[in-house]
Amino acid sequence: MTGQDWAGLIITVLVFLGMLITFWMTLRPSKRKELEEEKYKILKDD
């Protein structure tokens with residue numbers, strides 16, 4: 001594999017891991033209550 005192949009592989013893996021961590025932090029079960037409270041926030045007329 002060339003240097004460009006390795007660079008592409010490393011970038012791809014880092015982006016994938018970053019997305020997994022972000023989704024895990026956002027959608028974990030302990031945050032469900034917070035997400036449910038915000039669910040219809042845009043539709044409320046305050």
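Annotations
- Cβ charges +1 (Lys, Arg) and -1 (Asp, Glu), total dipole of the chain, debye: 180 debye
- For region 34-39, Karplus couplings with θ = phi - 60° (6.51, -1.76, 1.60), whole Hz, Gly/Pro x: 4, 5, 5, 5, 8, 3
- Carbon and sulfur %, accessible surface of the chain computed with the full protein complex present, 1.4 Å: 67 percent
- Expressed as a whole percent, the proportion of Cα-Cα pairs in the chain lying more than 13 Å apart is 69%.
The values are calculated or read from the model by the stated rules, or taken from the named source; none is laboratory data. Here the structure is a predicted model, which means the values were calculated and not measured. Backbone-built Cβ (ideal geometry, glycine too); neighbour counts: all protein chains shown. Side chains included, ligands, DNA and RNA excluded: accessible areas come from the protein's heavy atoms. Shrake-Rupley method; radii C 1.70, N 1.55, O 1.52, S 1.80 Å.
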